[in-house]
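Notes follow once the structure below has been shown.
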C-alpha cells in the first residue's frame with residue numbers, strides 16, 4: 001500500500017506551504033518527493049536544513065551526488081536514482097559516470113572508494129567492512145568526511161524509503177536501468 005502521496009499545496013499546512021514555495025523558488029519546481037514529505041512540515045523542513053548543512057561540509061557537490069547515487073542504487077530507489085542522475089549531470093558527471101558510480105566501477109580511485117563505502121553501509125545495515133573503511137581513508141578522506149558520509153547515506157535512505165512508501169510518479173528524466181525498480 002502506498003501511503004505517502006504528494007500533498008497538494010492547498011491541503012498543506014502553512015509551514016509546509018512556505019517550504020513548498022521556497023523549494024519551488026530555488027529549483028523551479030516542487031518535486032513529488034518533497035510534496036509527499038510535506039505531509040509533515042517538521043520532516044520536510046528538517047530534511048532540507050540538514051541537507052543544506054551537509055552540502056557545506058567535507059564533500060564537493062560531485063562527491064555528494066556520488067554518495068546519493070550509490071545509496072539509492074543499494075536501496076533500489078528509482079525516483080532518487082533519476083533525481084540524482086539529473087543533479088549529478090548538472091554537477092559535471094557524464095551518463096556513463098553516473099552508471100559507474102551506481103555499480104562502484106567508476107575509474108576515479110577516490111570516487112570509487114567513496115561509493116563503495118556508501119554502498120557497503122547500506123548493504124551491511126551500517127556495519128561496513130574494514131577494507132572499505134581503510135580504502136576510504138587511504139584515498140585521502142578524513143574522519144569528519146566519514147561521519148558526514150554516514151549522515152548523507154542516512155538522509156538519502158530517508159528519501160528512498162519515502163518513495164518506496166509513496167504513490168507518486170518520477171518527475172525527473174528517468175535514469176537508465178531502473179525499469180525493474182519502478183512500481184508506480
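Quick note: the coordinates plus some simple rules give every number you see, no bench work behind them. Given the structure is predicted, the values throughout are model-derived calculations rather than measurements. Virtual Cβ from ideal backbone geometry, glycine too; neighbours counted across all protein chains shown.
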**Prompt:** Among the helices (runs of 4 or more DSSP H) contained in the range 1-79, which hold 2 or more residues that are farther than 26 Å from residue 122 by Cβ?
**Reply:** 14-27
**Message:** Quick check on residue 83: is it within 23 Å of residue 50 (Cα to Cα), part of a helix (DSSP H, G or I) and touching a residue at least 60 places away in the same chain (Cβ under 8 Å)?
**Reply:** yes
**Message:** Residue under question is residue 48, and the condition is that it be under 22 Å from residue 78 (Cα atoms) and surrounded by fewer than 18 Cβ atoms within 10 Å (Cβ to Cβ); does it hold?
**Reply:** yes
**Request:** Kindly establish whether residue 91 is under 19 Å from residue 64 (Cβ atoms), touching a helix residue (DSSP H, G or I) at 6+ places or on another chain (Cβ under 7 Å) and surrounded by fewer than 18 Cβ atoms within 10 Å (Cβ to Cβ).
**Result:** yes
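Yes/no per residue for (1) surrounded by fewer than 19 Cβ atoms within 10 Å (Cβ to Cβ); (2) closer than 17 Å to residue 87 by Cβ; (3) within 12 Å of the chain's Cα centre (by Cα):
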{"residue": "16", "(1), (2), (3)": "no, no, no"}
{"residue": "30", "(1), (2), (3)": "no, yes, no"}
{"residue": "38", "(1), (2), (3)": "no, no, no"}
{"residue": "43", "(1), (2), (3)": "yes, no, no"}
{"residue": "67", "(1), (2), (3)": "no, yes, yes"}
**Item:** Conditions (1) free of Cβ contacts under 8 Å to residues at least 12 places away in the same chain; (2) within 17 Å of the chain's Cα centre (by Cα); number of the one not met by residue 74
**Value:** (1)
**Request:** Give me the pairs, please: first residue somewhere in the range 42-63 and touching a residue at least 12 places away in the same chain (Cβ under 8 Å), second residue anywhere and outside any helix (DSSP H, G or I) and surrounded by 16 or more Cβ atoms within 10 Å (Cβ to Cβ), beta-carbon distance under 6 Å, and either six or more positions apart or on two chains.
**Result:** 44/38
